[in-house]
């Protein structure tokens, strides 16, 4: 079944009036009953809504006839849609994903295995499920995959028409995965939700999930590093609109997806799940788009071409390189971000990060300047403490160190800081040290 053109259809067509708030409320109440299995929830929903079904029998019969022609009674459906390599998703040409270096994928994933891999053999995955909590009672009724296939990027969706046919559907999915021999997995929060859930369903059906042992790029973390401070939300839908310029129709709330599916099982009204199929396909394409966009940005930093990258993305790049253990490159990016205009809160964080880095590297002059900036522009007690330590142990100027420690102590008492005791001990030690020097005619030993 081809989903091409479904976007335009969804725009022109509102959700059917028969999807009543009463049924939705019934589902919400059942969903909150965690002790119930998926089957028990469905049975209760059927029983509670039987009276509504009788009242709307004529309308239901009409919808059912329409659904049979569009969705034959099969245990599951396999839907496919191809995106030509010469086309684009938003501002991202589809073909660009074939040219992402393994070094960039490594930085995004922090998995050494990606250094020798490419997106050409990767599978992008996204699930739609009967619940958001996970666990053995949660079933992925729609499994979306995206991958390169010849001259196209293909989206394949496995849709479960009958809960009792999960084993058969997973068997066909297993055949596809075994035939394609993917070398890596790409997801958005897949490490925490999608893949563990899929592995659970395979295990419960006495099958082995072939994706379990593959290197996994969960792009959620890198997306947050890059764009958390740039956009209001890092949901795929928001990033697709704001960063990719994709033409996605209005999304449906995640909490609405399970009850739409159960309503479909109850009524056979395929129009209930059409928005879910569209949502899943767009999430696969949005995932592909943001991964490529993020990879292009990281690639620019790899080639020292950050001149067109704004300060917020430079900050995010610094985080990505830092998490990958590349401290020197991270510091370089943080310095470039500081040279542009950063929000005050981020500027403080970057200066602290850099000051500590330069301190560890023994670059005291750079570290000192940053701590002085922090002490002047904010009542940053950590800055006062670091300055006191520097003048005591590096510059060997106990008088200056004592003055800074006293200032820090006064500030700490104003803000009730946990550093108050640290400053008290520092003041006491420096005072005794200076007194010892004076009593010995300036010849006492500094400690």
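The values are calculated or read from the model by the stated rules, or taken from the named source; none is laboratory data. All values reported here derive from a predicted model rather than from experimental measurement. Cβ placement follows ideal geometry from the backbone for every residue including glycine, while neighbour counts extend to all protein chains displayed.
Just need a number here: residues in the stretch 98-148 that are exposed (fewer than 15 other Cβ atoms within 10 Å of the Cβ) and under 30 Å from residue 162 (Cβ atoms).
The number of residues fulfilling the criteria is 5.
For residues that are in a helix (DSSP H, G or I) and either farther than 25 Å from residue 428 by Cα or free of Cβ contacts under 8 Å to residues at least 12 places away in the same chain (or both), tally how many sit in the stretch 380-398.
Residues in the stretch 380-398 being in a helix (DSSP H, G or I) and either farther than 25 Å from residue 428 by Cα or free of Cβ contacts under 8 Å to residues at least 12 places away in the same chain (or both): 1 in total.
Residue by residue through the stretch 105-134, note down the ones that are within 19 Å of residue 320 (Cβ to Cβ) and in a helix (DSSP H, G or I).
The answer is 105, 106, 107, 108, 109, 112, 113, 114, 115, 119.
Please enumerate the residues belonging to the stretch 405-428 that are assigned to a helix (DSSP H, G or I), free of Cβ contacts under 8 Å to residues at least 24 places away in the same chain and under 24 Å from residue 360 (Cβ atoms).
If the condition is that a residue be assigned to a helix (DSSP H, G or I), free of Cβ contacts under 8 Å to residues at least 24 places away in the same chain and under 24 Å from residue 360 (Cβ atoms), then 425 is the only one that fits.
Yes/no per residue for (1) free of Cβ contacts under 8 Å to residues at least 60 places away in the same chain; (2) under 26 Å from the mean Cα position of the chain (by Cα):
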| position | (1), (2) |
| --- | --- |
| 129 | no, yes |
| 153 | no, yes |
| 159 | no, yes |
| 163 | no, no |
| 184 | no, yes |
| 187 | no, yes |
| 212 | yes, yes |
| 219 | no, yes |
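Evaluate the following for residue 201: is it assigned by TED's automatic domain parsing to the domain that holds residue 95, without any contact (Cβ under 8 Å) to a residue 24 or more places away in the chain and over 27 Å from residue 95 (Cα atoms)?
Working: assigned by TED's automatic domain parsing to the domain that holds residue 95: yes; without any contact (Cβ under 8 Å) to a residue 24 or more places away in the chain: no; over 27 Å from residue 95 (Cα atoms): yes.
When the stated conditions are applied, residue 201 does not pass them.
Please verify whether residue 280 is modelled with pLDDT under 95 and outside the structural domain of residue 357 (by TED's automatic domain parsing), treating the condition exactly as stated.
It is false that residue 280 is modelled with pLDDT under 95 and outside the structural domain of residue 357 (by TED's automatic domain parsing).
Being at pLDDT below 95 and outside the structural domain of residue 383 (by TED's automatic domain parsing) is the requirement here; does residue 251 meet it?
Here the answer is yes, as residue 251 does meet what is asked.
Is it true that residue 174 is surrounded by fewer than 22 Cβ atoms within 10 Å (Cβ to Cβ) and outside any loop (DSSP other than H, G, I, E, B)?
Taking the combined requirement at face value, the residue satisfies it.
For the stretch 368-379, check the following and say yes or no: at least one residue is at pLDDT below 95, outside any helix (DSSP H, G or I) and out of contact with any helix residue (DSSP H, G or I) (no Cβ under 9 Å at 6 or more places or on another chain).
no
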